[in-house]
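Have a look at the structure below, then the notes.
The values are calculated or read from the model by the stated rules, or taken from the named source; none is laboratory data. Given the structure is predicted, the values throughout are model-derived calculations rather than measurements. No Cβ is skipped: glycine too gets one built from the backbone with ideal geometry, and neighbour counts run over all protein chains shown. Ligands, DNA and RNA are stripped out before the accessible areas are found, and what is left, the full protein with its side chains, is counted by its heavy atoms. Shrake-Rupley method; radii C 1.70, N 1.55, O 1.52, S 1.80 Å.
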Amino acid sequence: MANGSGADGAERRPAALSAGKRTAASADAARRDSARETDRGGDDEEDWVFEPIWWLDGVLTAAYFLEVYWLAFHVLLPRQDEDGRALLGTVAALTLAAAVAIHAVMVASESAGRWLSDGPLRRPPFDRPLRSRKNMHKFKAQMWQLVVHTIFAVLEWRVLHDEPWFEEGWRAAVPSPHVQTNKPELRQLYLAQLAVWIYMGACQLYFLEKQKDYYVMMWHHVITLALVGLSFHHNYVRYGVMVLFVHDASDIFLDLM
């Protein structure tokens, strides 16, 4: 009887050890799942997942490339009393410079964001605010837009504040925009804006991860590029720079938020 009880106990001990191992493995798996969920930061997939609409993709892509073609061959190249090829080359060089600068800012902001999130902001009540992919994506996007808006707002203010027509907007139409001659700094600033919006459209199409607001943002880029191109084509540069200054200066506060 004692031998039987001992044998039963010996049989129960391996079973108990196996159950304990299974429990420990389950606990480890649960901890790993919890860590993964924490790293995700509670992403709301409904806010993140992009649902493509094929015909709208085609319309926006076609609209963007038609605008770029129109700017190159109907706005920049045939300029009167100017070297159109040099003008087109300037815009192309500025677009390339904008691409390099924006990419550099995104890389730097990701490194700075990870250091900030995993360092000074790792404890409550912040709890690593940039641990999720979605939050880091938004942080990088807002950082490069903050840099762009700040630089352009400063440059626009520097060019505009000495102009006699800046505080009285109606004077910007005297003489008629079709016969106005503007400062080289004003024109160069406008070309730089044109280059940035060209790149922002391409960035939205091909380089940024698409979110639910993709179509809204792409329409915004297409319409803004059309407005900047048309105002340059018809020499409404003074009004255009004033509108861009209001746009860029106010967006600084939105980016910071």
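Quick one: if the Förster radius is 45 Å, what FRET efficiency do Val68 and Asp118 give, using the C-beta to C-beta distance and rounding to 0.05?
Values: r = 40 Å, r/R0 = 0.90.
In this case the efficiency is close to 0.65.
For the range 90-149, the orientation-averaged shadow of the C-alpha convex hull comes to 4.4 nm² (one quarter of the hull surface). By accessible area, using a 1.4 Å probe on protein heavy atoms only, the range 195-257 has 74% of its surface on carbon and sulfur.
Ignoring ligands, DNA and RNA, what percent of the accessible area of the range 54-161 is carbon or sulfur (1.4 Å)? Provide the component values of the computation, followed by the final result.
Details: 4350 of 6460 Å².
Result for the range 54-161: 67 percent of the exposed heavy-atom area is carbon or sulfur.
The relative contact order of the range 190-257, computed from alpha carbon pairs under 8 Å that lie at least 6 residues apart in sequence, is 35 percent. What the Cα convex hull of the range 205-257 gives, in volume per residue, is 92 Å³.
The residues neighbouring Val148, those whose beta-carbon lies less than 10 Å from its own, together hold a net charge of -3 under the Lys/Arg +1, Asp/Glu -1 convention.
I need the Kirkwood Rh of the range 77-214: take the reciprocal of the average 1/r across all distinct C-alpha pairs and report it in angstrom. Display every interim value, and only then the final one.
Values: mean 1/r = 0.0555 Å⁻¹.
One over the average 1/r among Cα pairs gives 18.0 Å for the range 77-214.
Tyr239 exposes around 80 Å² of accessible area when a 1.4 Å probe is run over every protein chain in place. Protein heavy-atom accessible surface, 1.4 Å probe, per residue over the range 112-257: 54 Å².
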